[in-house]
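Heads up, the thing below is written out as structure tokens.
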């Protein structure tokens, strides 16, 4: 029976559609892949070789000069350090606030739940905009402080709502059992609920970590001093060569020796962690969309 | 709920306070998040007063003199703003038409894919660029499309003339759509794949028995099955029409293509941080955009409610 369905043009036979679909998808994948591959190659060949043949398929004249020059730049090192600080603190701070709030809002009802929830929801759709935020940070004395980049990113309402629906799916009986044993809300949250949501927590920790790693606009706005630049800002100053936001010293340093190879090496250095970890963590990221989609 | 009941019933004040006290740990969990939201989200909203004032740094936001709607009147008479508004609308609408369908196609194709291992590899490649900042992506694209870069080398090898893709007012908007698809379509397709995975397999079995081919099954089962998802996502994107993609435009833009690509967000940045700033005016431009966005959101939420039965948010 099953065999016959298969034979009659069932869903498992390979037909022309599969071939065409497959070719289209593989072509699209190559179009996405090649610029990255080309970037890595560009960063490891001599500039002479690159000028000769930029559209390479394999490296010739391999050299690590570009990387040597990039790592001689103290801004890359301090940039890495600053970014790691912002990512580490940002994850603890942002995740902590988001999870605590998600759990609180997942509880049945308490006085003020709806107005408080609307207060949070509203910020997803309306904001003060760029200039008022800039003035606020300035008035708080946080210009040029890495702390600003961490503090601004507290609760992420979108992640909070998804986590909240995760907590809501935990059977009530668990909470009641714990309450009978005399546990209060915080104990229940920490000992009973959090351990049940580890997969979701891992997913959103990754999202927040990537968000902080990729932040560039606020760092560019708030950090003026070269040695406090995060990696993305350093990269921006290298790509767009010696703009006003680079220290005079470092721009003079680069003025003469900048080549495509060095710029691309800087790009590779900045995306390296994501490039290395992404293939292994992909399924966690995808999970974030899945729970989000169910919510929708 | 408790609260409204508490306000009416006699003697219920006690019960209300009791409920508050019982939830004290819940409030404790909420406290840090609420405080940070009040400071960093609502704090700047107070700064919106600036849109109606003549900002004087010495006096601060509160004491600066009121000037009513003067900024807004000036705004409507500023040619640069009119051009930014026009570019924003053109780019956003084109994105809806050109970019929006691509993830659906990808999702359907991936959903139909039979080679599971290839599918997994493809998905990893497709979704990867989403996790890179536009600075990184622009860095790669700028050298890739440069007149000395690989694309022009290939054109030259084919005997074509070199083209300066990045500094060409005719092609720049197209470049925005293409690179945005390149970076984000794969990630957006996941949501459609999820929706497709949720379609009852029996529908397909029945269609096979009825003799429906691949394309007909996609047309009559897959697409109707993901229609609610398509509607929601379309309406959501339509509600963001005033955001034409700051990160991308800002990082790919250059002086030559500015006339066709200056959008409201880049315009606000430019007049505030690359010129002698008028904070009041800049704030007014930002507020103008936020209000339209918010109104659009309310409209789109209504639309989704009408189509799908329940609204997106409240």
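The values are calculated or read from the model by the stated rules, or taken from the named source; none is laboratory data. Treat the numbers as computed from the prediction; the structure is a model and nothing was measured. Cβ placement follows ideal geometry from the backbone for every residue including glycine, while neighbour counts extend to all protein chains displayed.
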Subject >> Every pair of residues 6+ apart whose Cβ atoms lie under 7 Å, when the first sits in segment B:21-32 and is farther than 14 Å from residue A:106 by Cβ and within 7 Å of chain A (Cβ to nearest Cβ) while the second is modelled with pLDDT of 95 or more and surrounded by 17 or more Cβ atoms within 10 Å (Cβ to Cβ) >> reply: B:32/A:97; B:32/A:100
Original post:
Does residue B:198 count as in contact (Cβ under 8 Å) with a residue 12 or more places away in the chain and surrounded by 17 or more Cβ atoms within 10 Å (Cβ to Cβ)?
Top reply: no
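Among the residues of segment A:27-40 satisfying the criterion of being in contact with a helix residue (DSSP H, G or I) (Cβ under 9 Å, 6 or more places away or on another chain) and more than 19 Å from residue A:274 (Cβ to Cβ), which is surrounded by the fewest Cβ atoms within 10 Å (Cβ to Cβ)?
Taking segment A:27-40 as the starting set, the residues that turn out to be in contact with a helix residue (DSSP H, G or I) (Cβ under 9 Å, 6 or more places away or on another chain) are A:28-36, A:38-40.
Okay, now just the ones that are also more than 19 Å from residue A:274 (Cβ to Cβ), so A:28, A:30-31.
Details: A:28: 21, A:30: 11, A:31: 13.
Only one residue fits best here, namely A:30.
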Subject >> Out of A:84, A:118, sole residue that is part of a helix (DSSP H, G or I), more than 9 Å from chain B (Cβ to nearest Cβ) and without any contact (Cβ under 8 Å) to a residue 24 or more places away in the chain >> reply: A:84
Original post:
Would you say residue B:125 is facing chain A (nearest Cβ under 8 Å) and farther than 27 Å from residue B:236 by Cα?
Top reply: no
**OP:** Pairs only if they're at least six apart or on different chains, beta carbon under 6 angstrom, first in segment A:182-205 and within 14 Å of chain B (Cβ to nearest Cβ), second surrounded by fewer than 14 Cβ atoms within 10 Å (Cβ to Cβ) and modelled with pLDDT under 95; list them, first residue then second.
**Re:** A:192/A:174
**OP:** Go through (1) buried (at least 16 other Cβ atoms within 10 Å of the Cβ); (2) over 27 Å from the mean Cα position of the chain (by Cα); (3) without any contact (Cβ under 8 Å) to a residue 24 or more places away in the chain; (4) at negative phi one by one and return the number of the condition residue A:112 breaks.
**Re:** (4)
Original post:
Has segment B:226-243 got at least one residue that is farther than 30 Å from residue A:14 by Cβ, buried (at least 20 other Cβ atoms within 10 Å of the Cβ) and modelled with pLDDT of 90 or more?
Top reply: yes
Original post:
If you check B:34, B:90, B:102, which single one turns out to be within 30 Å of residue A:124 (Cβ to Cβ), in a helix (DSSP H, G or I) and not assigned by TED's automatic domain parsing to the domain that holds residue B:225?
Top reply: B:34
Original post:
Among helices (runs of 4 or more DSSP H) lying entirely in segment B:240-314, which contain 3 or more residues that are facing another protein chain (nearest Cβ under 9 Å)?
Top reply: B:246-252, B:264-273, B:279-308
Subject >> Selection from segment B:124-180 of residues that are under 24 Å from the mean Cα position of the chain (by Cα), free of Cβ contacts under 8 Å to residues at least 12 places away in the same chain, closer than 14 Å to residue A:31 by Cα and buried (at least 21 other Cβ atoms within 10 Å of the Cβ) >> reply: B:140
**OP:** Could you please let me know if residue B:111 is within 14 Å of chain A (Cβ to nearest Cβ) and in a helix (DSSP H, G or I)?
**Re:** yes
Subject >> Matching residues, segment B:45-70, being within 13 Å of chain A (Cβ to nearest Cβ), assigned to a helix (DSSP H, G or I) and over 22 Å from residue A:126 (Cα atoms) >> reply: B:60
**OP:** Looking only at segment B:180-188, decide whether some residue is more than 7 Å from every other protein chain (Cβ to nearest Cβ) and outside any helix (DSSP H, G or I).
**Re:** no
